[in-house]
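The values are calculated or read from the model by the stated rules, or taken from the named source; none is laboratory data. As the structure is a computational prediction, the values presented were derived from the model and not from experiment. Positions of Cβ are generated from backbone atoms using ideal geometry, with glycine treated the same way; all protein chains shown enter the neighbour counts.
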Amino acid sequence: MPHFPEAQFLTSSWQPHQFPPDEGREVAFVGRSNAGKSSALNAISGRRDLARTSKTPGRTQLINFFDLKSGQRLVDLPGYGYAKVPAEMQRHWQHLMTSYMEKRSALVALVIVMDARRGLTEFDEQMLTWVGGRSLKTRVLLTKSDKLNRSESTRVLRDVQAVAGEAASVQLFSAVKKTGVEEARGWILAALAG
Ligand code: GDP
């Protein structure tokens, strides 16, 4: 039984003018590429096609919008941290991200996906500083927690929460073991409900 049974792909945007109308409520997912963002979207929505859409070649650098029920959307922001993308693509990515993150009124909450084994990257820290400044409701998912033992899990959770402070709440997550999936979904549903 899908957890977001109505979820369906809406559109992909390469330019801000292609964004769907800025109304309703959106929860956006962001993270370093390979952190496990698609797997998390998949596990939380219960819809494998959502993640597949996001992984379609050519779509990984776009903003992908998914409709839930009326006026509610999940948004998959392009992954950051590609080591070898050309400077021009980095500039485009930055423009697209800034246009969305800074101006989107429908954006009510952000989910930052991090690989629990890597902990915070520099970009993750910048993102936390930014959301802290804006008081945007934010959740950090420490993914692939199935790869850590109990004491490692406890340590990374504590360390990331210490850095996040008031800016975000933090939880362990595993798409493989389904750890924290219900918790993440509950948080998202609450954010969408307002
Ligand atoms: P994305 O680039 O952030 O969308 O990352 P993906 O969801 O494609 O995942 C990147 C890699 O990590 C893939 O090989 C996944 O199978 C793996 N992965 C994702 N989530 C988990 C998880 O919870 N546990 C484990 N062990 N591997 C995971």
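Can you name every one of the helices (runs of 4 or more DSSP H) wholly within segment 40-135 that holds 3 or more residues which are among the polar types (S, T, N, Q) and either more than 16 Å from the ligand (Cβ to nearest atom) or buried (at least 16 other Cβ atoms within 10 Å of the Cβ) (or both)?
Qualifying helices (runs of 4 or more DSSP H): 87-103.
Examine segment 10-26 for a residue that is within 16 Å of the ligand (Cβ to nearest atom) and closer than 24 Å to G194 by Cβ, and state whether such a residue exists.
The answer is no, given that none of the residues of segment 10-26 is within 16 Å of the ligand (Cβ to nearest atom) and closer than 24 Å to G194 by Cβ.
Just to check your reading of the model, which residue among A190, A184 is within 16 Å of the ligand (Cβ to nearest atom) and assigned to a helix (DSSP H, G or I)? Steps first, please.
Details: A190 fails: within 16 Å of the ligand (Cβ to nearest atom).
When all the criteria are applied, what remains is A184.
Exactly one condition in (1) without any contact (Cβ under 8 Å) to a residue 40 or more places away in the chain; (2) over 28 Å from A106 (Cα atoms); (3) within 16 Å of the ligand (Cβ to nearest atom) is false for A162; which is it?
If we test A162 against (1) without any contact (Cβ under 8 Å) to a residue 40 or more places away in the chain; (2) over 28 Å from A106 (Cα atoms); (3) within 16 Å of the ligand (Cβ to nearest atom), just (3) comes out false.
Which of the following residues is farther than 21 Å from S45 by Cβ, of a type in the set (S, T, Y) and within 16 Å of the ligand (Cβ to nearest atom): S153, S145?
On the way: S145 fails: farther than 21 Å from S45 by Cβ.
Residue meeting the stated conditions: S153.
Are any of the residues in segment 19-40 at pLDDT 85 or above, over 12 Å from the mean Cα position of the chain (by Cα) and aromatic (F, W, Y)?
The answer is yes, given that some residue of segment 19-40 is at pLDDT 85 or above, over 12 Å from the mean Cα position of the chain (by Cα) and aromatic (F, W, Y).
Are any of the residues in segment 12-35 basic (K, R) and assigned to a helix (DSSP H, G or I)?
Within segment 12-35 (the criterion being basic (K, R) and assigned to a helix (DSSP H, G or I)), the answer is no, since none of the residues qualifies.
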